[in-house]
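Trainee: Structure below; questions to follow.
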Amino acid sequence: MNAGAAHAEAIGVAVAGVSKRFTHAVKGVVHAARDVSLDVAPGEFLTLLGPSGCGKTTTLRMIAGFESPDEGRITFGSQDVTHLPVNQRGIGFVFQNYALFPHLSVFDNVAYGLAVRGQASGEISRAVGDVLQLVGLAGYERQFPAQMSGGEQQRVALARAIVIRPRVLLFDEPLSNLDARLRVQMRDEIRALQKRLAITALYVTHDQEEAMAVSDRIAVMNRGSIVEIGTAEALYHAPRTRFVAEFIGRANLVAARVLAVADEHIEVEALDRRRRVPRHGAAPNPGTSCLLVIRPEAIDVGDPDGASEALAGTVRTRTFLGEKVEYTVACAGVTLQVVRHSRGAGDAFVPGAQVGVHVAPDAGTLVTDISEGVSP
Ligand SMILES: Nc1ncnc2c1ncn2[C@@H]1O[C@H](COP(=O)(O)OP(=O)(O)OP(=O)(O)O)[C@@H](O)[C@H]1O
Ligand SMILES: [Mg+2]
């Protein structure tokens, strides 16, 4: 095979109303997945993101076929796979702990899936050589897992998953055993490989930065349910729920009261000012109490120049982080997180300093679903 070529035809994955309950020794009955529905487009890279225990692995394992749902349907393309055994689904699965066979060489680990299908040895050698090349491990055929670094072992696991030319590629926290630098390198490689193979991929992580870096779209989960699905940009700039606003990136959540609603924007009173924020879909009634989500980089601090637009603030903390400086600033009765690009002497506001706080009148987005936040 030519492993570098696009796979035959990418297929979509549809999860419809899937639920799964477990009886847990300590927690009793656990609703690990509650009515989960999502559509992954052919060739799309979709990530399930959420805190520990929210049901990501359970959902992925049902898509793989390692668990069967109590309710709901899973389809690959037009085929209902809900009750199809794992080995008939045409999936490649990459686990957190690599799950390589320690007593087998790299070649035999990668060849395993082809050998059990009874492929001819010449074909197997060619295919294994191709995928090892693809993951940057050409020449490693005779090595054993114990002789390799974590990053190399995870590349073997990736090669093993793609060598069978799966219809769908599934990843469960594949990078969490690697150090920070390698994680960034490997996530870029996984992303590039998935695009090159044009294969539909589902990826699980609890790391929001990793999710943003690899995904076409992200499904944020909490307590067994999908809270929101969208591109990283949409979830970051226009979250609809408090949970997503807090889980994706950092957020200032300030109390806001709705004053008036127009087609394109909503007028609110927040941070001692009348503000006009973009409207996304249905709008709350005037008088409603909501939260305004303002990202730290949308706020700036400067000398207290008395400009009428600026709010008066007092610097509480300053953290220099190289390319950026983070501040917390007491302002209008709340503490705001502010992030600025480093700009030499211009960013040296020390704790206790009086500053002017600039929040653009149209900064932020209104969140009306404030029922649940991210627990600390
Ligand atoms: N086989 C099982 N038996 C009993 N309870 C289970 C089982 N598998 C998962 N659970 C429970 O279901 C819930 C969801 O677990 P799951 O592994 O899907 O979470 P997760 O989002 O992958 O978390 P993490 O980020 O920690 O891996 C948890 O409360 C977990 O304890
Ligand atoms: Mg998990």
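Trainee: Quick one: would you say Lys20 is within 16 Å of ligand 2 (Cβ to nearest atom) and in contact with a strand residue (DSSP E or B) (Cβ under 6 Å, 6 or more places away or on another chain)?
Mentor: On the way: within 16 Å of ligand 2 (Cβ to nearest atom): yes; in contact with a strand residue (DSSP E or B) (Cβ under 6 Å, 6 or more places away or on another chain): yes.
In short, yes.
Trainee: Could I ask something else about it? Restricting to segment 284-303, name every residue that is free of Cβ contacts under 8 Å to residues at least 60 places away in the same chain and surrounded by fewer than 21 Cβ atoms within 10 Å (Cβ to Cβ). Talk me through it step by step, then tell me what you get.
Mentor: Going through segment 284-303, the residues free of Cβ contacts under 8 Å to residues at least 60 places away in the same chain turn out to be 285-287, 289, 296-297, 300-303.
Once the filter is applied, which keeps residues that are free of Cβ contacts under 8 Å to residues at least 60 places away in the same chain and surrounded by fewer than 21 Cβ atoms within 10 Å (Cβ to Cβ), segment 284-303 yields Asn285, Pro286, Gly287, Ser289, Pro296, Glu297, Asp300, Gly302, Asp303.
Trainee: Would you please name the residue that is farthest from ligand 2 (Cβ to nearest atom), looking only at residues in segment 66-103 that are buried (at least 20 other Cβ atoms within 10 Å of the Cβ) and under 24 Å from the mean Cα position of the chain (by Cα)?
Mentor: Phe76
Trainee: Looking at Arg155, Arg160, Arg126 in this structure, which one is more than 21 Å from Pro174 (Cβ to Cβ) and either in contact with a strand residue (DSSP E or B) (Cβ under 7 Å, 6 or more places away or on another chain) or not polar (S, T, N, Q) (or both)? Let's see the steps before the verdict.
Mentor: Values: Arg155 fails: more than 21 Å from Pro174 (Cβ to Cβ); Arg160 fails: more than 21 Å from Pro174 (Cβ to Cβ).
Testing whether each residue is more than 21 Å from Pro174 (Cβ to Cβ) and either in contact with a strand residue (DSSP E or B) (Cβ under 7 Å, 6 or more places away or on another chain) or not polar (S, T, N, Q) (or both) leaves just Arg126.
Trainee: Taking segment 242-283, which residues are under 21 Å from Ile299 (Cβ atoms) and of a type in the set (D, E, K, R)?
Mentor: Arg242, Glu246, Arg250, Arg257, Glu267, Glu269, Asp272, Arg273, Arg274, Arg275, Arg276 - these are the residues of segment 242-283 that are under 21 Å from Ile299 (Cβ atoms) and of a type in the set (D, E, K, R).
Trainee: Among (1) touching a residue at least 24 places away in the same chain (Cβ under 8 Å); (2) surrounded by fewer than 21 Cβ atoms within 10 Å (Cβ to Cβ), which single condition is Glu233 missing?
Mentor: Of the numbered conditions (1) touching a residue at least 24 places away in the same chain (Cβ under 8 Å); (2) surrounded by fewer than 21 Cβ atoms within 10 Å (Cβ to Cβ), the odd one out for Glu233 is (1).
Trainee: Tell me which residues, restricted to segment 305-325, are more than 23 Å from Glu269 (Cβ to Cβ), at pLDDT below 95 and either open to solvent by less than 40 Å² (accessible area, probe 1.4 Å) or part of a loop (DSSP other than H, G, I, E, B) (or both).
Mentor: Hits for segment 305-325 are Asp305, Leu321, Gly322, Glu323, Val325.
Trainee: Next question, about the same structure. Would you mention how many residues in segment 23-58 are more than 16 Å from ligand 2 (Cβ to nearest atom), at positive phi and either touching a Phe, Trp or Tyr at 6+ places or on another chain (Cβ under 6 Å) or without any contact (Cβ under 8 Å) to a residue 40 or more places away in the chain (or both)?
Mentor: Adding up the residues that qualify gives 1.
Trainee: Also, quick follow-up: Give the residues of segment 247-278 that are part of a loop (DSSP other than H, G, I, E, B) and open to solvent by 80 Å² or more (accessible area, probe 1.4 Å), sorted by residue number. Steps first, answer last, please.
Mentor: Within segment 247-278, the subset part of a loop (DSSP other than H, G, I, E, B) is 248-251, 262-264, 271-272.
Listed by number, the residues that qualify are Arg250, Asp263, Glu264, Asp272.
Trainee: For segment 25-137, which fully contained helices (runs of 4 or more DSSP H) count at least 2 residues that are more than 16 Å from ligand 1 (Cβ to nearest atom)?
Mentor: 106-115, 121-134
The values are calculated or read from the model by the stated rules, or taken from the named source; none is laboratory data. No experiment lies behind these values; they were computed from the predicted model shown. Methodologically, a virtual Cβ is constructed for each residue, glycine included, from the backbone with ideal geometry; neighbour enumeration extends over all protein chains shown. Surface areas here come from the heavy atoms of the whole protein model, side chains and all, with no ligands, DNA or RNA. Shrake-Rupley method; radii C 1.70, N 1.55, O 1.52, S 1.80 Å.
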